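> Following this message is one structure expressed as structure tokens.
Read the figures in this text as sums done on the coordinates, not as results from a lab. For clarity, every value in this text was computed on a predicted model and none was experimentally measured. Cβ atoms come from the backbone with ideal geometry, glycine included; neighbour counts cover every protein chain shown.
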């Protein structure tokens with residue numbers, strides 16, 4: 001899967017979208033069988049994607 005790119009022109013919309021995506025990520029990590037392998041926060045400054 002390739003990265004998704006957005007062009008954001010509204011800061012409030014950006015923050016709202018990030019909040020929704022964070023909630024979706026936390027929910028998916030909680031309900032999926034391999035969620036513990038993917039529970040890291042991709043918005044954290046220390047995040048480094050794996051290849």
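> Calculate how steeply helix 11-31 sits against the longest principal axis of the alpha-carbon atoms of the chain, using the helix alpha-carbon long axis, and give the answer as 0 to 90 degrees to the nearest 10.
10 degrees
> Kindly rank 42-51, 29-38 from highest to lowest mean number of other beta carbons found within 10 Å of each residue.
Highest-to-lowest ranking by the protection proxy: 29-38, 42-51.
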